[in-house]
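What follows is a short report on a single structure.
The values are calculated or read from the model by the stated rules, or taken from the named source; none is laboratory data. Bear in mind that the values here come from a model prediction, so they are computed numbers and not experimental data. Glycine gets a Cβ as well: all are built from the backbone with ideal geometry, and neighbour counts include every protein chain shown. Protein only, heavy atoms only, side chains kept; ligands, DNA and RNA dropped before computing areas. Shrake-Rupley method; radii C 1.70, N 1.55, O 1.52, S 1.80 Å.
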Amino acid sequence: MTDTLNRSHPVDTAPAPALDPADGARAYDLDREFVFHSWSAQGALKPFVVAGASGCEVWNYDGERFLDFSSQLVNTNIGHSHPKVVAAIQHQAAELATVAPSHASLARGEAAKRIVEKAGPGFAKVFFTNGGADAIENAIRMARLTTHRHKVISTYRSYHGNTGAAIASTGDWRRIPNEYAFGHVHVFGPFLYRSEFHSETPEQECARALKSLERTIQAEGADTIAAILLESVPGTAGVLTPPVGYLEGVRELCDRYGIVWIADEVMAGFGRTGEWFAWQGADINPSRATPDLIAFAKGVNSGYVPAGGVVISPSIAAAFDERVFPGGLTYSGHPLAMASIVAALDAMTEEGIVENARMIGEQHLGPGLRALAEKHPMIGEVRGMGVFWALDLVTDRESRTPVGADVIGRLKAELMARHVLPFAADNRIHVVPPCIVTPAEVERALVAYDEAFTAVAAG
């Protein structure tokens, strides 16, 4: 299929402005002297300097253009520099650049209305935050305050953000040096390729993961569990699409034990899986089991201005009609962020961007990545949907032993040499372009991945 987007801007033909390599050198030097980077040992850093971007491409000060198949941090769903979003931010800055969250503003109301409409039946209001981590914080707070319980169950294969309760809810290594929040319990979720339950089929994995979750609820004391917090499709942990029946089973357990289901859609939401929200997808949730709270950020406005929030069910929203909600942020519903959300969601709707992401996954990325796996034994499994994919890399397919950091480093270098900006996590290469990516751009990237795997395998 050819490009089906109703585009309002060029994707890979926008000329870069006049660039001075000296500015690139200065940007690098200033960064290394004054900037403290996240999740990094500072002395070994050699950051890539980005001068500008448009559509699915970024470029450096030497004028070299790179396909952005990282979407930065899997958030530029609408692509870079979309003119409608840029114009909306500019207009809002001239009209009302900031306002206290206690006041009402048109942009905030319009943004909330659109988000509730995309979430669909079962949701009433939106509490806005500055990003995904504080969306998780406030979703947990709402669950605790409305259930009068304190524990939160989440999975070991997860990432929920780098603030108190969010990082304690996280399952990966980043939780361990940051466990200062109380009341967090972890379980293993379903992941057939590396099953913790000795499963041989998706049905077994689903049933056994749900049984393990229920036993944990019972062992911890059901009347102490406020929330089950799940990424609808765990992203940083490896794009772990849940088996059919799992989300439905979580909903049933929450109903049985009076627990709030929080869907973390920070990475998976707003087109990434080919749906507005990943939990809405028929491939993973055909019965459309619905969470009580949705945490979002990233793709809601593609990160043009920091923004996030919680979509709230009517019953939880009503719990604070007569009771003060003890939470707030100076920049909650910031006008520039709200204007960018309105423009981004309108553009995504009008230009068929979510539908494009689905088509790209079904007809181009999925088949192309599976063809790569047939050719390269290092690729143990291909997982994903929409523009949300991961290649699980192994030393051999029999043992499924993850490749080491040296292999991932070499792959990243080979991809950069072929002008593809990659996203790597642990033993995986995540293939996560913007939702506006075209079949031609996918084909360019697949050639680069093929050549990179060939080069690394050859030593």
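Consider LEU293 carefully, then state whether it is open to solvent by less than 10 Å² (accessible area, probe 1.4 Å) and more than 30 Å from ARG108 (Cα to Cα). Write out each step before concluding.
Details: open to solvent by less than 10 Å² (accessible area, probe 1.4 Å): yes; more than 30 Å from ARG108 (Cα to Cα): no.
Judged against the criteria, LEU293 is not a match.
Six or more apart or on different chains, Cβ under 6 Å: which pairs go from a residue in the range 402-414 that's surrounded by 15 or more Cβ atoms within 10 Å (Cβ to Cβ) to one that's part of a loop (DSSP other than H, G, I, E, B)? Could you list them?
PRO402/ASN427; VAL403/THR395; VAL403/ASN427; LYS412/PRO422
Please enumerate the residues belonging to the range 95-119 that are outside any loop (DSSP other than H, G, I, E, B), out of contact with any helix residue (DSSP H, G or I) (no Cβ under 6 Å at 6 or more places or on another chain) and open to solvent by less than 50 Å² (accessible area, probe 1.4 Å). Walk me through it before giving the result.
The initial filter retains those residues of the range 95-119 that are outside any loop (DSSP other than H, G, I, E, B), namely 95, 106-119.
Within this subset, residues satisfying the condition of being out of contact with any helix residue (DSSP H, G or I) (no Cβ under 6 Å at 6 or more places or on another chain) are 95, 106, 109, 112-113, 115-119.
Residues satisfying the conditions are GLY109, ALA112, ILE115, VAL116, LYS118, ALA119.
What are the pairs with Cβ atoms under 6 angstrom where one residue, in the range 254-269, is free of Cβ contacts under 8 Å to residues at least 40 places away in the same chain and part of a strand (DSSP E or B) and the other, located anywhere, is of a type in the set (Asp, Glu) and open to solvent by 10 Å² or more (accessible area, probe 1.4 Å)? Sequence gap at least six, or different chains.
TRP261/ASP292
For the range 36-83, give me each residue that is open to solvent by 20 Å² or more (accessible area, probe 1.4 Å) and among the polar types (S, T, N, Q).
Result: SER38, SER40, GLN42, GLN72, ASN75, SER81.
Which residue pairs have Cβ atoms under 6 Å apart, sit 6 or more places apart or on different chains, and have a first residue in the range 300-326 that is under 30 Å from GLN72 (Cα atoms) and modelled with pLDDT of 95 or more and a second that is among the aromatic types (Phe, Trp, Tyr) and surrounded by 16 or more Cβ atoms within 10 Å (Cβ to Cβ)?
VAL300/PHE270; GLY309/PHE127; GLY309/PHE128; GLY309/PHE296; VAL310/PHE127; VAL311/PHE123
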